[in-house]
Structure formats: C-alpha cells, structure tokens
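Participant: First, the structure itself, so that you have it in front of you.
The values are calculated or read from the model by the stated rules, or taken from the named source; none is laboratory data. Since we're looking at a predicted model, the values are computed, not measured. Neighbour counts run over all protein chains shown; Cβ positions are idealised from the backbone, glycine included.
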Amino acid sequence: MDILEAIRARKSIRGYKPEPISKEILREIIDIATHAPSTANTQPWEITVVTGKVLNNIQQANIDLLNYGATPNPTDPPKPFSGKYRRRQLDLALQLFELMGIARGDKEGRAEWWQRGFRFFDAPAALILSVDKSLDELHSLLDVGAIIQTICLTALNYGLGTCIQDQGVMFPEVVRSFAHIPESKQIVIGIAIGYPDWDFPANKVVSTREPLENVTTWYGFD
Ligand SMILES: Cc1cc2nc3c(=O)[nH]c(=O)nc-3n(C[C@H](O)[C@H](O)[C@H](O)COP(=O)(O)O)c2cc1C
C-alpha cells in the first residue's frame, strides 16, 4: 500500500469481525513497526499482545468495574478539554452518537457505548504499550506515539483496522494483573486491532481535520 494512501485511509475502527488474527501476522506488524524512530534509539516501547481468554478476562474485569460503579483510574488522568479542543471532542462524539443511533437523553445507549471502549471495541486482539518508569516521561511517550501510528499504518497492509485507545487501559490494575505488567512499567496506551466490520455504523465516521492554516505558522518563505 502506498504510504500516502495508507495515511489517508487509516481511521479509528470501533467495530470488528470476530475473526481472530494469527500470531504470525501480529508479529510481522510489530516487527515492521519497530522501525519507528525513538529518542537516541532507546526503543522504550514494550508491547503486550493479548487475545483469547486473556483479552476476554480484561474486557470482563473492565466491565465488572464499570458496573460496580468504579471510577476509571488512568495512569495520567486526562484534563477536561475546553475551547476549541472541547469543540472538536464534541464534534466527534456527536457524529459517533448519531451514527450509532444514540439519542441525547439515551443514558443506557451512552453507557453501552462507553463500555464498548472498555471492551476494546470487541476486537479479537489488543496491544498494550508500556514503558519503563525509569525513563524520561516526555521522550518515552513521544517514542510510543511514533510506534503506535506506525503499527496502525502497518496493520492496514494486512487488511486490519485499529483504534488507539485509552479506555481499555483506564483500569491499569486490570491490565497489569491479566497481562502480567509489573508496577515498574507505566502503561501508556492500548490499541484494539482486528478485521474491520464495515457494516458497523461507527466505522462510517469521518473525523474532521482543521484546515492547515489553523495549525501551521510559516516564516521566511517570502
Ligand atoms: C492517544 C489516543 C487515545 C485515544 N483514545 C480513544 C478512546 O479511548 N476511545 C476512542 O473511541 N477513541 C480513542 N482514540 C481515537 C481518536 O478518537 C481518533 O484518533 C480521533 O477521533 C481521530 O479519528 P481517526 O483516528 O478516525 O482519524 C484515541 C486516539 C489517541 C491518539
């Protein structure tokens, strides 16, 4: 797949076919994606790949906690968005709710949608990225950012879709216990991965982008 085509084609997939992904393909994707750049070539990413029973246990434990009323407890709790960031966030949420037929006051529908993220969107596999806590946070997180996009782009080559997502790892203790990730590692992010179900309404979302003028500043070109 052409690189520009892949960059344009990648989108977050929130509905998957149950078809499993072979370990071989997952290995190939990760192997290729490790060509991503990293600070001083430190390659700080540690990738835990879960499927089958282990993933089911994580999904179930996340949902049990939500049903129990537990508050998600992410490693680095996100600050609430405001201004243009909130507008963009709302824009996406409204589009997704509309596609999924979730009305404004539909509390149950919204709760189910929220839970879906904690189930890794029912994907047949998930990747959990962590870094050693001894590392400088800014750089190691930048490095993880580089590899997660590379994983998502590489996955396209195998007909696979992905959704980078923090919901699935918002109860880090769950992931730690089922995927045996020790306390010395910071759990950074998850990636749901699987064959896209293109009939799933939310997969039809077209997330918008700001015009280039709004995100760039140019000097010295005239
Ligand atoms: C760090 C990060 C965390 C994300 N977490 C979630 C998540 O928890 N749930 C979700 O549905 N999407 C999540 N996303 C996907 C974004 O919503 C998505 O990338 C954005 O809306 C742009 O859409 P696109 O990926 O389809 O281009 C996350 C993306 C990133 C980069």
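Participant: State whether one or more residues within region 32-45 are within 16 Å of the ligand (Cβ to nearest atom), closer than 19 Å to Ser140 by Cα and part of a helix (DSSP H, G or I).
Facilitator: Yes, region 32-45 contains at least one residue that is within 16 Å of the ligand (Cβ to nearest atom), closer than 19 Å to Ser140 by Cα and part of a helix (DSSP H, G or I).
Participant: Is there a residue being within 9 Å of the ligand (Cβ to nearest atom), of a type in the set (A, V, I, L, M, F, W, C) and farther than 22 Å from Arg27 by Cα anywhere in region 182-199?
Facilitator: no
Participant: Would you confirm whether any residue within region 1-18 is closer than 19 Å to Ile187 by Cα and either free of Cβ contacts under 8 Å to residues at least 40 places away in the same chain or surrounded by 11 or more Cβ atoms within 10 Å (Cβ to Cβ) (or both)?
Facilitator: In the first step, residues of region 1-18 are kept if they are closer than 19 Å to Ile187 by Cα; the result is none.
No, the conditions are met nowhere in region 1-18.
Participant: One residue is enough: does region 32-39 have a residue meeting the conditions in contact with an Asp or Glu (Cβ under 6 Å, 6 or more places away or on another chain), surrounded by 13 or more Cβ atoms within 10 Å (Cβ to Cβ), farther than 15 Å from Asn157 by Cα and not basic (Lys, Arg)? Let's see the steps before the verdict.
Facilitator: From region 32-39, those in contact with an Asp or Glu (Cβ under 6 Å, 6 or more places away or on another chain) are 38-39; that's our starting set.
Those still in the list that are surrounded by 13 or more Cβ atoms within 10 Å (Cβ to Cβ) too: 38-39.
Add one more test, that the residue is farther than 15 Å from Asn157 by Cα, and what stays is 38-39.
Still in the list and also not basic (Lys, Arg): 38-39.
Yes, region 32-39 contains a residue that is in contact with an Asp or Glu (Cβ under 6 Å, 6 or more places away or on another chain), surrounded by 13 or more Cβ atoms within 10 Å (Cβ to Cβ), farther than 15 Å from Asn157 by Cα and not basic (Lys, Arg).
Participant: Check region 175-190 and report whether any residue there is within 30 Å of Gly101 (Cα to Cα) and buried (at least 21 other Cβ atoms within 10 Å of the Cβ).
Facilitator: Keep residues of region 175-190 that are within 30 Å of Gly101 (Cα to Cα), which gives 189-190.
Next, only the ones that are buried (at least 21 other Cβ atoms within 10 Å of the Cβ) stay: 190.
Yes, some residue in region 175-190 is within 30 Å of Gly101 (Cα to Cα) and buried (at least 21 other Cβ atoms within 10 Å of the Cβ).
Participant: While we're on this one: Look at Val169 and say whether it is within 13 Å of the ligand (Cβ to nearest atom) and touching a Phe, Trp or Tyr at 6+ places or on another chain (Cβ under 7 Å).
Facilitator: On the way: within 13 Å of the ligand (Cβ to nearest atom): yes; touching a Phe, Trp or Tyr at 6+ places or on another chain (Cβ under 7 Å): no.
Taking the combined requirement at face value, the residue does not satisfy it.
Participant: Just need a number here: residues in region 155-166 that are buried (at least 23 other Cβ atoms within 10 Å of the Cβ) and away from the ligand (no atom under 13 Å from the Cβ).
Facilitator: Selection size over region 155-166: 1.
Participant: Does Cys152 satisfy the condition of being under 21 Å from Asn56 (Cβ atoms), crowded, with 22+ Cβ neighbours inside 10 Å, of a type in the set (A, V, I, L, M, F, W, C) and within 12 Å of the ligand (Cβ to nearest atom)? Give the derivation first.
Facilitator: Working: under 21 Å from Asn56 (Cβ atoms): no; crowded, with 22+ Cβ neighbours inside 10 Å: yes; of a type in the set (A, V, I, L, M, F, W, C): yes; within 12 Å of the ligand (Cβ to nearest atom): yes.
No; evaluated as a whole, the condition is false for this residue.
Participant: Please determine whether any residue of region 197-207 is in contact with a helix residue (DSSP H, G or I) (Cβ under 7 Å, 6 or more places away or on another chain) and among the aliphatic types (A, V, I, L, M).
Facilitator: Within region 197-207, one or more residues are in contact with a helix residue (DSSP H, G or I) (Cβ under 7 Å, 6 or more places away or on another chain) and among the aliphatic types (A, V, I, L, M).
Participant: Of all residues being in contact with a Gly (Cβ under 9 Å, 6 or more places away or on another chain) and basic (Lys, Arg) in region 1-15, which is nearest to the ligand (Cβ to nearest atom)? Just the residue, please.
Facilitator: So, considering only residues that are in contact with a Gly (Cβ under 9 Å, 6 or more places away or on another chain) and basic (Lys, Arg), the one nearest to the ligand (Cβ to nearest atom) is Lys11.
Participant: Which numbered condition trips up Asp76, out of (1) buried (at least 16 other Cβ atoms within 10 Å of the Cβ); (2) at pLDDT below 95?
Facilitator: (1)
Participant: Could you tell me which of the residues Asp122, Asp143, Asp106, Asp132 is in contact (Cβ under 8 Å) with a residue 60 or more places away in the chain and exposed (fewer than 15 other Cβ atoms within 10 Å of the Cβ)?
Facilitator: Working: Asp122 fails: exposed (fewer than 15 other Cβ atoms within 10 Å of the Cβ); Asp143 fails: exposed (fewer than 15 other Cβ atoms within 10 Å of the Cβ); Asp106 fails: in contact (Cβ under 8 Å) with a residue 60 or more places away in the chain.
Exactly one of Asp122, Asp143, Asp106, Asp132 is in contact (Cβ under 8 Å) with a residue 60 or more places away in the chain and exposed (fewer than 15 other Cβ atoms within 10 Å of the Cβ), namely Asp132.
Participant: Kindly indicate which of Gln165, Gln115, Gln89, Gln95 is polar (S, T, N, Q) and under 18 Å from Ile47 (Cα atoms). Before the answer, list the steps.
Facilitator: Working: Gln115 fails: under 18 Å from Ile47 (Cα atoms); Gln89 fails: under 18 Å from Ile47 (Cα atoms); Gln95 fails: under 18 Å from Ile47 (Cα atoms).
Of Gln165, Gln115, Gln89, Gln95, the one residue that is polar (S, T, N, Q) and under 18 Å from Ile47 (Cα atoms) is Gln165.
Participant: Could you pull out the residue among Leu26, Leu66, Leu96, Leu90 that is closer than 15 Å to Val169 by Cβ and part of a helix (DSSP H, G or I)? Break it down into steps so the answer makes sense when it comes.
Facilitator: Numbers: Leu26 fails: closer than 15 Å to Val169 by Cβ; Leu96 fails: closer than 15 Å to Val169 by Cβ; Leu90 fails: closer than 15 Å to Val169 by Cβ.
None of the others qualify; the one that does is Leu66.
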